[in-house]
Amino acid sequence: MATTHYDAIIIGAGQAGGPLSTTLAQAGWKTAIIERIHVGGTCINEGCTPTKTMVASARVAYLARRGADYGVHTGPVTVDMVKVRQRKRDIVNSFRSGSENRIKSTEGVDLLMGEAHFTGPRELEARLNSGEVQQLSADTIFINAGDRPADPSLEGLDSVPTLNSTTIMELDTVPEHLLIIGGGYVGLEFGQMFRRFGSKVTVVQRGVYLLAREDPDVAEEVAKILREDGLEILLETKPVRVEKTADGHIALTVQGPTGERVLTGSHLLLAAGRVPNTHICFWQRDVFPIPTGSICLQAKSRWTNAASSR
């Protein structure tokens with residue numbers, strides 16, 4: 001099979017990959033950009049854009065319920081998650097189409113929809129979504145593979161349905177009781193959002209504070225605000241095991257400062273961090289063994305951890 005050579009190949013059409021591809025092409029580089037799902041990366045498709053769209057809907061519900069505090073009487077407030085979801089989808093599609101069109105309209109860029117794997121130094125195999133397989137090479141290859149939600153190590157996790165930061169935005173009903181493992185940015189954003197939609201919400205956080213990267217005084221104020229919103233915040237609490245109850249609910253056993261307790265909910269959101277997608281595109285491990293989440297900088301013969309650059 002003939003190999004197509006480029007000046008540059010970019011793996012992943014996220015927020016960095018898209019603009020980089022068009023900039024290189026405008027500078028005269030023959031460029032290919034390979035994307036396996038959709039142009040725009042996490043920010044447009046599963047991160048900033050859709051979450052902030054849904055946060056806006058949740059805020060409207062919150063303000064409507066508080067209308068009487070401002071002298072405005074609205075009556076009972078209900079949330080139509082199907083319409084909330086469709087509004088989110090429409091805005092995401094609009095943003096994604098704009099990014100894709102900018103790449104496609106730039107001369108010198110080939111947008112290939114599929115998955116790329118290294119077959120050797122500066123050589124790739126692209127398995128396109130159409131079924132076609134292409135052999136590619138380039139003088140320079142940029143890895144913009146992004147990351148994905150991490151699954152925590154938890155007994156019984158495979159036996160219950162779970163949600164992550166992507167799938168939770170596709171719900172068509174408001175959860176009765178949302179259990180959240182993880183008190184970071186993702187878990188708290190969805191926690192407050194669904195509390196405002198009408199769910200009972202419990203957040204399980206291993207650490208002494210929420211938002212481990214923030215100053216303690218900031219984290220304490222965030223916890224205070226969320227508790228005022230009606231969220232149950234469990235600090236210094238770790239999940240022990242999870243199982244499905246006879247009536248179809250989810251029973252999450254946790255260990256806290258006062259001992260074990262069982263939380264029963266209708267839905268379980270895993271918000272325990274993210275891991276790099278580097279496993280998708282690297283060489284076969286039996287030929288070029290690569291530590292999990294790491295990238296081999298072959299020219300310098302040393303390793304770098306992809307997770308540390310996030």
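The values are calculated or read from the model by the stated rules, or taken from the named source; none is laboratory data. No experiment lies behind these values; they were computed from the predicted model shown. Positions of Cβ are generated from backbone atoms using ideal geometry, with glycine treated the same way; all protein chains shown enter the neighbour counts.
Quick notes on this one:
- The C-beta contact set for the stretch 188-207 (first residue on the phi > 0 side of the Ramachandran plot, second residue outside any strand (DSSP E or B) and not charged (D, E, K, R), distance under 6 angstrom, 6+ apart or interchain) comprises Gly198/Val79; Gly198/Val174.
- Hits in the stretch 203-239 - residues which are part of a strand (DSSP E or B) and farther than 19 Å from Gly273 by Cβ: Glu232
- Test result for Ile37, hydrophobic (A, V, I, L, M, F, W, C), assigned to a loop (DSSP other than H, G, I, E, B) and either assigned by TED's automatic domain parsing to the domain that holds Arg102 or surrounded by fewer than 16 Cβ atoms within 10 Å (Cβ to Cβ) (or both): yes
- Among all residues of the stretch 126-140, there is none that is buried (at least 16 other Cβ atoms within 10 Å of the Cβ) and either β-branched (Val, Ile, Thr) or not assigned by TED's automatic domain parsing to the domain that holds Ile37 (or both).
- The set of residues in the stretch 18-31 being touching a residue at least 40 places away in the same chain (Cβ under 8 Å), outside any helix (DSSP H, G or I) and either under 25 Å from the mean Cα position of the chain (by Cα) or surrounded by fewer than 17 Cβ atoms within 10 Å (Cβ to Cβ) (or both) consists of Gly28 alone.
- Counted residues, the stretch 227-260 - those being surrounded by 13 or more Cβ atoms within 10 Å (Cβ to Cβ) and either of a type in the set (Lys, Arg) or under 16 Å from Gly156 (Cα atoms) (or both): 14
- Just one of the listed residues (Gln86, Gln15) is under 30 Å from Gly114 (Cβ atoms) and in a loop (DSSP other than H, G, I, E, B), namely Gln15.
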